[in-house]
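The values are calculated or read from the model by the stated rules, or taken from the named source; none is laboratory data. All values reported here derive from a predicted model rather than from experimental measurement. Cβ: placed from backbone, ideal geometry, glycine included. Neighbour counts: every protein chain shown. Areas reflect the complete protein model, heavy atoms only, side chains present, ligands, DNA and RNA absent. Shrake-Rupley method; radii C 1.70, N 1.55, O 1.52, S 1.80 Å.
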Amino acid sequence: MNTKMRWKIALDILMSVVLLLLMAYQVVGEYLHEICGTAMLVLFLIHHVLNVRWYRSLLKGKYTPQRIIGTILNAALLAAMLSLAYSGVVLSRHVFDFLPITRGMALARVMHLAASYWGFVLMSLHIGLHWSMMVGMFHKLAGGKRRPVLAWIARFLAVAIAVYGAVCFRHADIFSYMFVNVEFVFFDYEKSTALVFAEHIAMMGTWIFAGYYVSKGIGRIARLEK
């Protein structure tokens, strides 16, 4: 693994951590939420600089089903992040409070709500589509040997996390926020910090699981058609 790839992986891990902090608003508070949001924007821009070759190759090569899904997902994620950047600046009471913004608060609030949860889901799916690389890394760390018992334990844990995350996602009624059926988030401030992060890690795991197995399924279908 070359140095650039190591930096990409480290950046992706850092972005995942910041994403979890952003979603745990009731734990981190308003000020730290804005700091994390600004950090996420910077990391997102760095991520795109490191992956600028992806943009250069958009009009080149054949578009397989997997590449089409990946491209649509990336475009949607970019739209969500741009919406978050704009609405976050408009709503800012700390980091960007020096800007003379006095209008657009109502629209920005709704935009920020929807884009936050769309961004969470899309970023998790994005990680899932590339999760095979992480699986390969874990395989190398295990010495490159097949360990059926460990593999089945990992699968069982993955399914358990995905199911728990799906239950949390449904219980939190996040689809209502994504489709703006509700315009304000209802945070449970009585939940412990550990439980808040556990639930968001599990929900992220649900969409990573979905992205990973969708990617594997499309790859398997493509191999069968050859």
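Per-structure values
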quantity	calculated
Matching option when the condition is open to solvent by less than 40 Å² (accessible area, probe 1.4 Å) and within 17 Å of the chain's Cα centre (by Cα), among Ala79, Ala114, Ala151	Ala114
One residue from Tyr63, Tyr86, Tyr31 being farther than 19 Å from Met133 by Cα, out of contact with any strand residue (DSSP E or B) (no Cβ under 8 Å at 6 or more places or on another chain) and outside any helix (DSSP H, G or I)	Tyr63
Neighbours by Cβ (under 8 Å, 6+ apart or cross-chain): first from the range 72-101, more than 13 Å from Gly37 (Cα to Cα); second of a type in the set (Val, Ile, Thr) and modelled with pLDDT of 95 or more	Leu99/Val89; Ile101/Val89; Ile101/Val90
Condition broken by Arg56, with the remaining ones in (1) of a type outside the set (S, T, N, Q); (2) open to solvent by less than 70 Å² (accessible area, probe 1.4 Å); (3) without any contact (Cβ under 8 Å) to a residue 12 or more places away in the chain satisfied	(2)
Residue match in the range 96-110 (condition: open to solvent by less than 40 Å² (accessible area, probe 1.4 Å), over 28 Å from Ser215 (Cβ atoms) and not in a helix (DSSP H, G or I))	yes
Residue list for the range 154-177, restricted to those being open to solvent by less than 50 Å² (accessible area, probe 1.4 Å) and over 22 Å from Glu30 (Cβ atoms)	Ala158, Ala160, Ala162, Gly165, Ala166, Cys168, Phe169, Ser176
Of the criteria (1) more than 24 Å from Ile208 (Cβ to Cβ); (2) among the aromatic types (Phe, Trp, Tyr); (3) in contact (Cβ under 8 Å) with a residue 12 or more places away in the chain, which one Tyr117 fails	(1)
Filtered residue count, the range 179-198, keeping only those that are open to solvent by 70 Å² or more (accessible area, probe 1.4 Å), of a type outside the set (S, T, N, Q) and in a helix (DSSP H, G or I)	1
Which numbered condition Met204 fails, given (1) in contact (Cβ under 8 Å) with a residue 60 or more places away in the chain; (2) in contact with an Asp or Glu (Cβ under 9 Å, 6 or more places away or on another chain)	(2)
Residue among Ile68, Ile35 that alone is in contact (Cβ under 8 Å) with a residue 12 or more places away in the chain, open to solvent by 50 Å² or more (accessible area, probe 1.4 Å) and under 21 Å from the mean Cα position of the chain (by Cα)	Ile35
